[in-house]
Amino acid sequence: MNSGTILKQSNPNQLMAEYQVSTLEEVFLRLCQQDIKRRKSRQLEAIESQTRKTIQLSDVLADNTDDQFEDNNPGKLNKKPVEWCRIKAMLWKYYILTLRRPLYLFMYYSIPIIALTAMNYTISQSPYNIPVAIVNADLNPKLSQLYLDSIDPYFLRLTNYPDNQSAIDSIVKGKNYMSIAFSENFSDTFETRITDVFDLTDFEVEENAAIGAFLVKYMIQAFKTFLDRMSSIMGGRDLFRILSPLQIQEAVYGDTDLNITNHFGPSILIVIAQILPLVISAFQIVIDRKNSSFERVFVAGVKPIEYFMAHMAQNMLLCLTQVTLSMTIMFIVFNATQLGSYVEIFIMLLLQGLLGISIGLMGALILADEVSVAVWFTVMLQNAHGCNNWIYAPVMDNVGPITIPLNSLRSVMLRGWSYTRMTVLYGYIVSAGYSLIINSQLQSVANG
């Protein structure tokens, strides 16, 4: 027996006679030598068999490789720059990660709903129950009272004061926003004097500019109602056209109503379309880098261009649904003013989403962690809007990635303009131009 293998079994004398030796040790030596030869022979046969298989496989690979040679240069392989199977694998990876992080997807689609709803039910609502001081010194208060009755009590809450000084003091103390004084001969001379409004200090006037704008609106409406009532008393004459210092004609675009939604609506849409994809794009890369998934993907053979294409495709799909959701809430649910083309608005917002994805990808590749990304985004947004930066603001007003597209979107929504107008066309050019510049730089860095 050798290494647990029985070499031969027989009578000792017969073994020594068979091998013609005088001791069993010599018999064992002969048997071990024969066993070694048998093992070597088996190894050689296995090597020959494996060699034949390798040669056959090489022939198959050579036949398949011949099809990949370039026709004009048979010495080089025609390697594909992009393998769609790897892109599909990356997209499947993002799909699985999205299923494992449902909170990200929930927040991504909840933020537009929350932001647009908050805008509609807060800043977009006209202020009402505004306190106003009234000083009525009219000796014959027939017409002055008719004017006061023309004021809608839902919007303006009137409080009577005995004299001008007490009315002004109430404004200084913050009890009222405005004082209206009627002279002694108001009804007799049919003259309206809204005094003290222009005598307030700058601090008092600027304390709430938005309320002041609505006060003017409500007072003009009341004045028109007052003159309409007087016209019916005086035989149907159009007193508003005769006596009013203001002649309000039909609006060229939209209407003359002071609607804050028309001003803030396009801003909210642009910001949501760019910022949400920007944040999601950046944090995806940061998280992949922190858990080493970023490195493993490239070690597995994924090229930078394939990673980039998969990243853009996945985020653009999210952006597509987010823009559709935002437009549905804005124009269908809240019925915002829209005089232009929905297709052009959709394209503008989609380009802003593409720009946001590109900026997020660039920031995530440069910065190290989530905190750095968040700080960078804050500084970038502050500069983009010119906040507290008098040097940077004029530049961003002309070439900023948000300002020009925002003006274009307002022109489409509120004026009904299209891309044939340069104001709108500039918005498309700026959005697409920034995206192309950033993406080309990212590709050059990746290839370098």
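The values are calculated or read from the model by the stated rules, or taken from the named source; none is laboratory data. As the structure is a computational prediction, the values presented were derived from the model and not from experiment. Using ideal geometry, Cβ is built from the backbone for each residue, glycine included, and neighbour counts are taken over all protein chains shown. Note: accessible area is taken over every heavy atom of the protein model, side chains too, but ligands, DNA and RNA are not part of it. Shrake-Rupley method; radii C 1.70, N 1.55, O 1.52, S 1.80 Å.
Table: residues versus (1) part of a helix (DSSP H, G or I); (2) closer than 26 Å to residue 306 by Cα; (3) at pLDDT 85 or above.
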residue: 37; (1), (2), (3): yes, no, no
residue: 48; (1), (2), (3): yes, no, no
residue: 89; (1), (2), (3): yes, yes, yes
residue: 106; (1), (2), (3): yes, no, yes
residue: 111; (1), (2), (3): yes, no, yes
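Considering segment 97-147, and only residues there that are touching a Phe, Trp or Tyr at 6+ places or on another chain (Cβ under 8 Å), open to solvent by 40 Å² or more (accessible area, probe 1.4 Å) and hydrophobic (A, V, I, L, M, F, W, C), the residue that is nearest to residue 291 (Cα to Cα) turns out to be 123.
Looking at the structure I just gave you, is residue 351 within 20 Å of residue 416 (Cα to Cα) and either buried (at least 21 other Cβ atoms within 10 Å of the Cβ) or modelled with pLDDT under 85 (or both)?
When the stated conditions are applied, residue 351 passes them.
Applying a threshold of 7 Å to beta carbon distances and a minimum spacing of six or more residues, or different chains, the list of pairs starting in segment 292-316 at a residue that is charged (D, E, K, R) and ending at one that is buried (at least 18 other Cβ atoms within 10 Å of the Cβ) reads 306/86; 306/87; 306/90.
For residue 372, indicate whether it is at pLDDT 60 or above, open to solvent by 20 Å² or more (accessible area, probe 1.4 Å) and either outside the structural domain of residue 274 (by the TED database) or part of a helix (DSSP H, G or I) (or both). Quick ask: steps written out before the conclusion?
Details: at pLDDT 60 or above: yes; open to solvent by 20 Å² or more (accessible area, probe 1.4 Å): yes; either outside the structural domain of residue 274 (by the TED database) or part of a helix (DSSP H, G or I) (or both): yes.
Against the criterion (at pLDDT 60 or above, open to solvent by 20 Å² or more (accessible area, probe 1.4 Å) and either outside the structural domain of residue 274 (by the TED database) or part of a helix (DSSP H, G or I) (or both)), residue 372 qualifies.
The set of residues from segment 148-162 being closer than 19 Å to residue 187 by Cβ, in contact with a strand residue (DSSP E or B) (Cβ under 9 Å, 6 or more places away or on another chain) and open to solvent by less than 70 Å² (accessible area, probe 1.4 Å) comprises 148, 151, 158. Here residue 129 passes the criteria (1) touching a strand residue (DSSP E or B) at 6+ places or on another chain (Cβ under 6 Å); (2) on the phi < 0 side of the Ramachandran plot except the one numbered (2).
Taken as a whole, the condition of being at pLDDT 85 or above and not assigned by the TED database to the domain that holds residue 227 applies to residue 116.
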